[in-house]
Amino acid sequence: MATFNLNINGKKQQVDVDADTPLLWVLRDHVNLVGTKYGCGINQCGACTVHLNGVAMRSCMLPISQVGEQAVTTIEGLSENGDHPVQKAWIEHDVAQCGYCQAGQIMNAAALLKNSPNPSDEEIEGAMAGNICRCGTYVRIKAAIKTAAAG
Amino acid sequence: MTLVKTTYNRRSFLKSTALAGGGMVLGFSWLASCKPSAEEVLAMPKEWFDINGFLKIGENGVVTIMSPNPEIGQNVKTAMPMIVAEELDVDWKKVIVEQAPLNTDIFTRQLAGGSQSIRQGWQGLRMAGATARRMLMEAAAKQWGVPVEELTTEAGVISHKNSGKTAGYGEVASAAAGIPVPEEVELKDVKDFRIIGTPRKNVDGKKLYTGQPLFGLDIQREGMLIAMIEHPPAFGMKVKSVDDSAARAMSGVKDVFTINSLPEGIEKQWSDTNAFPELVVVVAESTWQAMKAKKALRIEWERTGDAESTAGHAAKLDELIAKAPAEPARKDGDPEAAFKNAAKVIERTYSAPFLAHNTMEPMNFFAHVTDEKAELVGPIQTPEFLEKTISAVTGLPLEKIHIDMTRMGGGFGRRLYGHFGVEAAVISQKVKAPVKLVYTRDDDMTQGTYRPGYKVLYRAALDENNNLIAFHVRGAGTHGSPIFANRFPAGAVDNYLAEEHSLDSNISTGAWRAPRSNFIAGAEQAFLDEVAEAAGKDPIDFRLELFDRAIKNPVGKDNDYDAERYAGVLKLVKEKAGWGKDMPGVGRGVSAYFCHNSYVAQVVDVATDGGSPRVKKVWCAVDCGIVVNPEGAINQIEGGIVDGIGHAMYSAMTFKEGKPEQSNFDKYRLIRINEAPAEIETHFVESDIDPTGLGEPSLPPVIGALANALYKATGKRVYDQPFAMGSAVLG
Ligand code: FES
Ligand code: FES
């Protein structure tokens, strides 16, 4: 066990965990931010996507010892009132079915739009191919990203 | 207006009492942390009046409607309350939806399965709303001294035209709670619906998109421990010995032990399917610590049954397909003679592998079992059956067991089999603490309960005028055959033979979204395409001819479909897709299928664009009776289509020496956004027939339409799923 000082959603937090604990489980088990999801644990599904210094990053294999005080943003901290353009577009397109993958999808989409405000279909597909939606909401995810880009 | 007796599940209405003091009796404490956002905030009432088990009304007119059935992503948590709200005649904006816990006194069939929630809930939900509305009106009539028949309602307001008096539901809710439950209630005419048939957004949308705790895996409780399990690495194996010394020495590890979650002699439910009731359990303070300790276990396994393999399954299915069973499942006319006299016989076989459900949220459950009672919270499609098994295993009576259903990160049939809930209860009872059981993805994917592997042989006979004179299907599958003997084309062909074989296996199987249909439709609809081609007929015309026969002069008895509705969806998709027009560079395929009481026809367009084929567009025509929530309905249809295409193209679970060869998404391929159809266009047949299933019916036929489109696009027929496996063209 070791103590880590973290910077999550703009808030300084201190946790006492094993140094190899992935960021995902620190978020979920130790700082009560359960919006970031566990899907595979091996960087294959994207359910655990967060932003690290503004860049989309899978958190399930990222040891907390490597995070340090870099800025971590989770779905809970993406916007103040759930009104990030991507979140609004997700509501407009009623994207979710079970909804379990959607936090990861939204985090990845938000990072994509930051880098590329008007992505082409190919760019969207390229950037989002790492995020599995078992319910198959892909058509809506793409439409919502376009709405968010336009808005 | 339709007058109905309120005898249906009367128990719930007898419980009508005013709930004093604003007591919110339901809702989970761990949800209390959810911060509602600005536009979501409805002024909360100071007092709630419990009108019946389905709803309560606040003095300010805000209504809480309970959603009785488990939510697995099929969106019943929005649609079921919409039905109550419709008959209650309330403003949807004033409605708060809550997930009901398991309560067999109030609700019937709290189960998510068979696409039946809306169909079987329809009458009861309407009655719950209508009864409440009537009681509110009677309360107002009494207050105003006017006959109740002179009152009307609209959007939560009661009006008396002659006197000009009006009252909001909240103003009379207190009095209404004391009104006796009416013997009869009026239900609305379909044409007067204001909520049903209008698109409404997912009631949990905002919570989902802001990461609030809704799922079983999100549960946190004071003093809660994390439990993880290790099941045998292969089917036909069990634990021999455990060396837990390394695991026990690790930080945060509380205990390691072995359990049997289904001891001999207990009364089992159908939902207790479980290949691995005996498990090694690790209990730790946190998930990561439990995961690490799991890896440190040194377990010796021993073989107790066959070590099956995919190659072995294939050989056995081939053997079965080669011979006739003792008795046919159905026989019309004289198929043998017809095949003998045929001008042309077409014969093909089709196969599909085992599939894992792979819900995005792995299996998990929270349990807190004490000597007095058990509290369970988690994702379960069959809470009523889970409760019974937990009672049998823990020895607690049913009334001491409380089950709350969380929103589920996918179901697809997997969470019909609630062994994980039972395991959580057994573990909690043993460690005497609140416990959240968590499966890793690997544990989940290798646990079994799979969609069975299937093989089917089809034969068709054409006469010299290219009329279909005989049809023969012989299907074989693990734990049951892929046959619905009384469905199309039974009833449309004079000489018909359906035969089935079942293969025993120690690999557990279970219902997987649209059971059996998820294979049959693809095979049958691809086969009919070849038969149409051999007959020199357009595939839609060919099918319509057969439906015409089944409408005008059906063959045999017990035909389990409505040929007119079948033909209806096919004609609708034909028109919408502009079938028959030339589309350079595009291969088009069509299919039609009936399951879960609904009819679906699809046209799939595949383009190769010089590379591997990709579905450009899917047209879908659906007849599911009244569409409760078009927004959610279209989403379900799209999901079924993507799911069907994805699994048919890419997914397979294979076995070697009893061991699943795929255990995570690196090896088990699921469809991704760059492989999904670019566009899906859905059309509903307008109907005032009571609603039927929607969560499953769009999946099966798309596999047939896809196979037919791939043929048009590539010139090659595909027979064995997954189509892309081993195919350089399709990969
Ligand atoms: S849980 Fe991290 S990528 Fe799947
Ligand atoms: S909405 Fe269920 S996994 Fe994406």
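Probing with 1.4 Å while keeping every protein chain in the model, the per residue accessible area of segment A:85-150 equals 29 Å². Per residue, segment B:129-273 exposes 44 Å² of solvent-accessible protein surface, assessed with a 1.4 angstrom probe and all protein chains in place. Think of segment B:564-692 as having a plus end and a minus end, set by charges on the Cβ of Lys, Arg, Asp and Glu; of B:Val604, B:Cys620, B:Ile634, B:Val604 sits farthest toward the positive end of this dipole. Taking only DSSP H segments of four or more residues, each worth -39500 (n - 2.57), what value at 222 nm results for the protein assembly as shown once the sum is divided by all its residues, to the nearest 500 deg cm²/dmol? Taking each H run of at least 4 residues, the total per residue is -8500 deg cm²/dmol. Across the options B:His419, B:Ala290, B:Val555, the greatest Cα extent toward the positive end of the charge dipole of chain B (unit charges at beta carbon of Lys, Arg, Asp, Glu) belongs to B:Ala290.
In chain A, the DSSP beta bridges split such that about 90 percent are antiparallel, to the nearest 5. Residues of segment B:71-105 that bury at least 30 Å² of accessible area when the other protein chains are present, relative to the chain alone (probe 1.4 Å, heavy atoms, ligands and nucleic acids excluded): B:Gly73.
Rounded to the nearest 20, the Cβ-based charge dipole of chain A about its Cα centre (Lys and Arg +1, Asp and Glu -1) stands at 160 debye. Legend: residues in segment A:66-104 shielded by at least 40 square angstrom of accessible surface upon adding the remaining protein chains to the isolated chain (1.4 Å probe, heavy atoms) are A:Asn81, A:Ile91, A:Asp94, A:Ala96, A:Gln97, A:Cys98, A:Tyr100. Farthest towards the positive end of the charge dipole of the protein assembly as shown, among the residues A:Tyr38, A:Cys60, B:Leu396, is the Cα of A:Cys60, using unit charges on the Cβ of Lys, Arg, Asp and Glu. The interface between chain B and chain A buries about 4900 Å² of solvent-accessible area in total (1.4 Å probe, ligands and nucleic acids excluded).
Note on segment B:400-454 and segment B:37-101: Cα centroid distance 28 Å, given to the nearest whole angstrom.
For segment B:646-718, which GluC sites (Glu not before Pro) pass both filters: DSSP loop (anything but H, G, I, E, B) and at most 16 other C-beta atoms within 10 Å? Listed in order of number, the matching sites are B:Glu657, B:Glu661, B:Glu686. A 1.4 Å probe run over segment A:2-78, with the rest of the protein chains in place, finds 36 Å² accessible per residue. Under a model in which nothing but the beta-carbon of Lys, Arg (+1) and Asp, Glu (-1) is charged, the protein assembly as shown shows a dipole of about 740 debye around its Cα centre.
For Cα pairs less than 8 Å apart in space and 6+ apart in sequence, what is the mean separation divided by the residue count of chain B, i.e. the relative contact order in percent? That works out to 14 percent.
Of the accessible area of chain B, computed with a 1.4 Å probe over protein heavy atoms only, carbon and sulfur atoms account for 49 percent.
In segment B:647-666, the residues whose accessible area drops by at least 20 square angstrom when the other protein chains are added to the isolated chain are B:Asn664, B:Phe665, B:Asp666; the probe is 1.4 Å and only protein heavy atoms count.
Packing around the peptides A:42-48, B:370-376, A:68-74, taken as the average count of other Cβ atoms within 10 Å per residue, puts them in this order, highest first: A:42-48, A:68-74, B:370-376. Computing FRET efficiency as 1/(1 + (r/R0)^6) for A:Asn118 and B:Glu686, where r is the C-beta to C-beta distance and R0 is 45 Å, gives about 0.70.
Here the accessible area is traced with a 1.4 Å probe on the protein chains. For segment A:2-78, carbon and sulfur cover 46 percent of it.
For the residue pairs B:Lys576/B:Lys716; B:Lys93/B:Lys201; A:Lys37/A:Lys146, the alpha carbons lie more than 19 Å apart in B:Lys576/B:Lys716; A:Lys37/A:Lys146.
Rounded to the nearest 5, the antiparallel percentage of DSSP beta bridges internal to the protein assembly as shown is 75%. Beta bridges assigned by DSSP with both partners in chain B are antiparallel in approximately 75 percent of cases. Extension gain for B:Ala678-B:Lys344 works out to 116.3 nm (0.36 nm per residue, less the C-alpha to C-alpha distance). A probe of 1.4 angstrom, applied to the heavy atoms of all protein chains, finds B:Glu150 with accessible area near 80 square angstrom.
The values are calculated or read from the model by the stated rules, or taken from the named source; none is laboratory data. None of these values were measured; they are calculated from a predicted model. Please note: Cβ atoms are built from the backbone with ideal geometry, for glycine as well, and neighbour counts cover all protein chains shown. The protein model used for the area step is the full one, side chains on, heavy atoms only, and it has no ligands, DNA or RNA in it. Shrake-Rupley method; radii C 1.70, N 1.55, O 1.52, S 1.80 Å.
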